[in-house]
């Protein structure tokens with residue numbers, strides 16, 4: 001049984017009168033007196049009891065991108081629509097590629113000397129001169145005799161093309177006759193004489209001309 005006469009250890013603080021007064025003033029300083037009133041439904045004073053409104057930030061949706069447009073960064077939809085389909089470098093490259101393909105596929109043949117400039121230059125070097133025509137009526141039927149010569153006035157040998165003789169009748173009708181040369185090659189300065197016997201138009205002959213056939 002515990003002995004009431006034996007002192008027990010106690011933890012705490014001994015309060016004196018001075019400390020009690022000091023604590024009391026601190027507590028009194030924390031107390032604030034407030035008045036309140038009760039408002040009835042007929043009171044002229046009204047208070048806004050609606051909850052405070054929080055401003056909502058409107059976020060615009062990002063433009064939809066499809067295809068390769070998803071890989072392009074930092075570019076909005078209007079900028080993409082206003083962008084030009086291709087610059088000068090793009091079109092220059094396309095034209096260059098097309099010309100290169102044309103050249104590889106055989107276009108270089110057109111620029112060959114004989115293929116592009118050859119025929120006109122060779123034809124201009126050849127000439128026809130000394131053309132004469134007459135009607136020979138000594139036989140059973142009248143015959144138109146056409147004589148002349150073709151020459152090479154150039155500095156290189158040239159192949160002589162076929163000749164074309166045009167006979168114009170009194171009625172204005174033109175009859176064409178072909179005179180072959182068998183692909184004869186004329187050296188520079190050489191002449192090739194030709195002669196042909198043709199039928200005489202029924203209404204007579206007005207003019208005779210000889211040219212190179214095209």
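Nearest-5 percent of antiparallel DSSP beta bridges in region 120-212? Display every interim value, and only then the final one.
On the way: 33 of 33 bridges.
Bridges in region 120-212 that DSSP calls antiparallel: roughly 100 percent.
Applying 1/(1 + (r/R0)^6) with R0 = 45 Å to the Cβ-Cβ distance of residue 207 and residue 159, what FRET efficiency is obtained, to the nearest 0.05?
Working: r = 28 Å, r/R0 = 0.63.
E(calc), rounded to 0.05, equals 0.95.
How far apart, in nm, are the 7 Å Cα→Cβ label points at residue 129 and residue 176?
With each label placed 7 Å out from Cα toward Cβ, I get 2.7 nm.
Using 7 Å Cα-to-Cβ label points, what is the residue 138/residue 190 separation (nm, one decimal)?
3.2 nm
Please give the contour-minus-distance gain from residue 96 to residue 147: 0.36 nm per residue of separation, less the Cα-Cα distance, rounded to one decimal in nm.
On the way: separation 51, 0.36 × 51 = 18.36 nm, distance 5.43 nm.
Length gained, residue 96 through residue 147: 12.9 nm.
We did not get these values from a lab; they are worked out from the coordinates using the rules stated. Fair warning: this is a prediction, and the values are worked out from it, not measured in the lab. All Cβ positions, even for glycine, are placed from backbone atoms using ideal geometry, and neighbour counts span all protein chains on display.
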